[in-house]
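So the structure is just underneath, and the comments pick up after that.
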Amino acid sequence: MISILKAGGLNKYKVSHMKKHRLEGQNCLPKQLDVDPGLTEEAISQCQ
């Protein structure tokens with residue numbers, strides 16, 4: 001989701017690999033991701 005926001009909602013984004021299978025096996029998957037507040041505000045303003 002963060003990659004999509006940084007790309008401005010375009011289809012030209014690259015999804016970063018979080019090694020989900022390894023984290024899941026260790027029971028360490030994050031419940032939430034940190035997102036830059038400025039990036040969030042920019043995405044909201046683009047939607048309006």
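Total residues in segment 24-43 satisfying the condition of being surrounded by 10 or more Cβ atoms within 10 Å (Cβ to Cβ), within 17 Å of residue 7 (Cα to Cα) and without any contact (Cβ under 8 Å) to a residue 24 or more places away in the chain: the figure is 2. Listed by first and then second residue, the pairs with beta-carbon distance under 6 Å, at least 6 apart or on different chains, first residue in segment 4-21 and within 18 Å of residue 38 (Cα to Cα), second at pLDDT below 70 and part of a loop (DSSP other than H, G, I, E, B), are 4/13; 7/13.
It is to be established whether one or more residues within segment 31-38 are assigned to a helix (DSSP H, G or I) and modelled with pLDDT of 80 or more. Checked segment 31-38: at least one residue is assigned to a helix (DSSP H, G or I) and modelled with pLDDT of 80 or more. Quick one: is residue 6 at pLDDT below 75, surrounded by 10 or more Cβ atoms within 10 Å (Cβ to Cβ) and among the charged types (D, E, K, R)? So residue 6 fits the description; yes.
The values are calculated or read from the model by the stated rules, or taken from the named source; none is laboratory data. These numbers come from a predicted model, not from an experiment. Here Cβ is always computed from backbone atoms with ideal geometry, including for glycine, and neighbour counts include all displayed protein chains.
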